[in-house]
Amino acid sequence: MLNYVLSRLLTFVPTFIGVTLISFAFIRVLPGDPIIVMAGERGLTDERYAELSAQFGFDRPMYVQFWEYLTGVLQGDLGNSFVTKKPVWDEFFALFPATLELSICAMIFAVVLGLPAGVIAAVNRGKFFDRALMSTALIGYSMPIFWWALLLIIVFSGNLQWTPVSGRIDLIYYFPNATGFMLIDSIASGQSGAFTSAVRHLILPTIVLGTIPLAVIARQTRSAMLEVLGEDYIRTARAKGLSPGRINGVHALRNALIPVITVIGLSVGTLLAGAILTETIFSWPGIGKWMVDSIFRRDYPVVQGGLLLIAVMVMIVNLTVDMLYGVINPKIRKR
Amino acid sequence: MTVTLSADTAERPGRLREFWFYFRENRGAVIGLWIFAAFAFLALFGPWIAPHDPTAQFRDATLQPPFWQEGGSWTYPLGTDPLGRDMLSRLIVGARFSFFVGIVVVSIAASGGIIVGLIAGFAPKWLDTIIMRIMDVILAFPSLLLALVLVAILGPSLTNAMIAIAIVLQPHYVRLTRASVLAEKQKDYVTSARVAGAGFFRLMFVTVLPNCLAPIIVQAALSFSTAILDAAALGFLGMGAQPPTPEWGTMLAEAREFILRAWWVVTFPGLAILVTVLAINLMGDGLRDALDPKLKRS
């Protein structure tokens, strides 16, 4: 087991360096000089240009620059935003809880609906329920989520006026940002109505972001269940006279869960990509919207740093899933 | 659907016939195929079918609803957008952009990915490791984010969006091809080809590759729909096709501020994307069933 963990960790290092290299290269392959971009329309004198160039280290050899960038990254130094002048690292972790909160809610939504849907479809294979659920799942899987978001806004915010269109909470509530998680902070503030408001703001973004993972989980659960239901031990369980609920819920589902957990782990990347669209549409102040805004503002240090942090986060999650998988399924370790 | 097999017709049916036999069993896939055919037809002949010029602005008919609503007319069957352009014509002509995106992205990503995957599968271990680590690096970035950043570097346009999406999708082909190559390489027919004196390239492209194609074809169908979705998403974020191009995602972006006043400018382009992507995914499922006998029974 230790060998397995170590070998997985070892593959992490070159990938990490590669990811750092890409985000490092990003600012240097851009058309145009980053310093001139930063100066904006006012322009620069030659002396000032040389001064700034020295300040950012652009006048030194590439490998020295990369080494400094890498050591900076390892110490949590990703440079400062051109626009706000604040450290990129701090900005990222100030906004990250918003994305995390939304992603967790979306994942809960996807799992809570997707697992039972997959099980029901598998148990009723070929019947009406199976067809209906799997057709719905395929539609969800094919959904352009930015359009789905607009449709939900038309119906639930426009026509029915049930949910707000944007933001995380109504502006009448104000309280200190203790944890960054609006659901927790709103309860902690003790203001009546704050929690309800936070929940109402979460509903539509959660549905939008959770739709594709939901479809993927439902499909995966169904096919994993079908595979397991054909196994001998299920027949044994049936022959023993166990109730269908116990067979499907305990014997089959537990074994079907392994591939499903992998899929859940691997959808983290999908979630973050979806967060870009979802947050932009619902003006959700998280990482996705921050990245898109920074791309449009040409705030290169932010784009560079954000890209790196997001990639590292996806890598850590994938690594964790891999290791968990090794724990659950001993066969994997022996590769 | 009755198949009669007598002793004298027991020879193996042609590959295409066998494929069609299994493909046809999946009703959804056949429906998907028909929708896809219609989509391809519109992509090819759109400009001649569309009732109006997709960029012509009829200033006295802005935001007209579809014909079945009050105020709508048959002149503009699906209504007009805020600039008075005919929605139906824009949707029809827009089909060609999505189709084009799908074809180009899949061709670039698949051809590049297959070649790199073949090399990785046949290469010595050190080269294989380097290639796969590079692919891991690309896969570490969420695809849409990487595409978005690449387009920001290259400059927003449909061509650059296609390049970016192709780069992002390529690692999947590399992994898939390499995995199949590694599995096939062990088999006797490859050894016998090698013993018979087949050269390196012959082994790669003539002996092994045709036997690795089934999963790659399925992947091609699935990434066709991913490409359309991603290109539309980039268009929606303002980083894909630029206005006034009637690309579906770009149309949605332009329509965003009118969502509460004119539902049709938002609904139809999205519906077009959904139906197209759904049809391709249905087809992909059918392809998988028909090409991969292992999965056929599930």
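Here, each number is a calculation from the coordinates, and none is a lab measurement. These numbers come from a predicted model, not from an experiment. Every residue, glycine as well, gets a Cβ built from its backbone with ideal geometry; the counts of neighbours run over all protein chains shown.
The 3J(HN,Hα) values that the Karplus relation (6.51, -1.76, 1.60; θ = phi - 60°) gives for the stretch A:4-11 are, in residue order, 4, 4, 5, 5, 5, 5, 5, 6 Hz. Gly and Pro appear as x. Counting lysine pairs in chain B whose alpha carbons fall under 22 angstrom apart, excluding pairs fewer than 8 residues apart on the same chain, gives 4. Overall, the protein assembly as shown carries a charge dipole of about 2340 debye about its Cα centre when +1 sits on the Cβ of Lys and Arg and -1 on the Cβ of Asp and Glu, all other atoms neutral. Each pair of Cα atoms in the stretch A:166-240 enters the Kirkwood radius, and Stokes-Einstein at 20 °C and 1.002 mPa s then converts it into a translational diffusion coefficient of 135 µm²/s.
Counting neighbouring Cβ atoms within 10 Å and putting the fewest first, the residues B:F41, A:F181 line up as B:F41, A:F181.
What does a probe at A:L242 reach in the stretch A:202-225, counting residues whose amide N is under 18 Å from the point 7 Å along Cα→Cβ? Residues A:224-225 qualify, since their backbone N sits under 18 Å from the label point. Counting only other chain Cβ atoms within 10 Å of each residue's Cβ, the peptide A:147-156 averages 4. What does the structure give for B:144-154 when I average, per residue, the other chain Cβ atoms found within 10 Å of the residue Cβ? Counting other chains' Cβ atoms within 10 Å and averaging over B:144-154 gives 6. Cβ crowding within 10 Å, taken as a proxy for footprinting-reagent exposure, orders B:D128, A:D299 from fewest neighbours to most as B:D128, A:D299. Per residue of B:267-279, other chain Cβ atoms within 10 Å of the residue Cβ number 4 on average. Considering only A:S189, A:S197, A:S103, the Gaussian network model of chain A with Cα springs below 10 Å gives its largest mean-square fluctuation to A:S189. Label separation (B:F41 vs B:W20): 1.9 nm, computed from points 7 Å beyond Cα along the C-beta direction.
For A:N80, the residues whose modelled amide H falls within less than 5 Å of its own, excluding neighbours fewer than 5 places apart on the same chain, are A:V88.
Quick check for me: using +1 on Lys/Arg Cβ and -1 on Asp/Glu Cβ, what's the dipole size of the stretch B:103-208 about its Cα centre, in debye to the nearest 20? List each step's numbers first, then the result.
Working: 8 positive and 4 negative charges, 48 e Å.
Dipole of the stretch B:103-208, to the nearest 20 debye: 240 debye.
In chain B, Rg over Rh equals 1.07, where Rg is the alpha-carbon radius of gyration and Rh the Kirkwood radius from pairwise Cα distances. For the stretch B:27-44 versus the stretch A:162-188, the spacing of their alpha-carbon centroids is 46 Å. Please tell me the relative contact order of the stretch A:88-189 in percent, rounded to the nearest whole number, where contacts are Cα pairs under 8 Å and at least six residues apart. Computed value for the stretch A:88-189: 29 percent relative contact order.
Cα centroid separation, the stretch B:117-176 to the stretch B:204-233: 14 Å.
The fewest-to-most ranking of B:R256, B:R17 by surrounding Cβ atoms within 10 Å reads B:R17, B:R256. Across B:S98, B:S107, B:S89, mean-square fluctuation computed from a Gaussian network of chain B (C-alpha pairs under 10 Å connected) peaks at B:S107. In the stretch A:243-335, Cα pairs under 8 Å separated by at least six residues give a relative contact order of 26 percent.
Once both labels are positioned 7 Å from their Cα atoms along Cα-to-Cβ, the gap between A:R125 and B:I115 label points is 4.3 nm.
Modelled spin labels at A:Q161 and A:I108, positioned 7 Å past Cα toward Cβ, are 2.9 nm from each other.
Over chain B, Cα pairs under 8 Å with separation of 6+ residues give a relative contact order of 24 percent.
The helix-based estimate of mean residue ellipticity at 222 nm for the protein assembly as shown, built from -39,500 (n - 2.57) per DSSP H run of four or more residues and divided by its residue count, is -23500 deg cm²/dmol to the nearest 500.
For the stretch B:15-20, backbone phi angles converted through the Karplus equation (6.51, -1.76, 1.60; θ = phi - 60°) give residue-by-residue couplings of 4, 5, 5, 5, 4, 5 Hz, Gly and Pro being listed as x. By the equivalent-ellipsoid construction on the alpha carbon gyration tensor, the protein assembly as shown comes out with semi-axes of 39, 34, 29 Å, ordered largest to smallest. Mean-square fluctuations from a GNM of chain A, with a 10 angstrom spring cutoff on Cα atoms, peak among A:S142, A:S23, A:S283 at A:S142.
Each Lys and Arg Cβ is given +1 and each Asp and Glu Cβ -1; about its Cα centre, the stretch B:174-260 then shows a dipole of about 640 debye. 3J(HN,Hα) couplings calculated from phi for the stretch B:33-48 with the Karplus curve 6.51 cos²θ - 1.76 cosθ + 1.60 (θ = phi - 60°) are, in sequence order, 4, 5, 5, 5, 4, 4, 4, 5, 4, 4, 4, 7, 10, x, x, 8 Hz; Gly and Pro show x.
Annotation: amide H of B:T80 within the under-5 Å range of B:L63, B:Q64, B:M87, sequence separation 5 or more or interchain, hydrogens built in the peptide plane.
Compared with the direct C-alpha span, the chain from B:R27 to B:L260 gains 80.1 nm at full extension, assuming 0.36 nm per residue. What the Cβ-Cβ distance of B:F67 and A:S135 gives, at R0 = 30 Å and to the nearest 0.05, is a FRET efficiency of 0.55.
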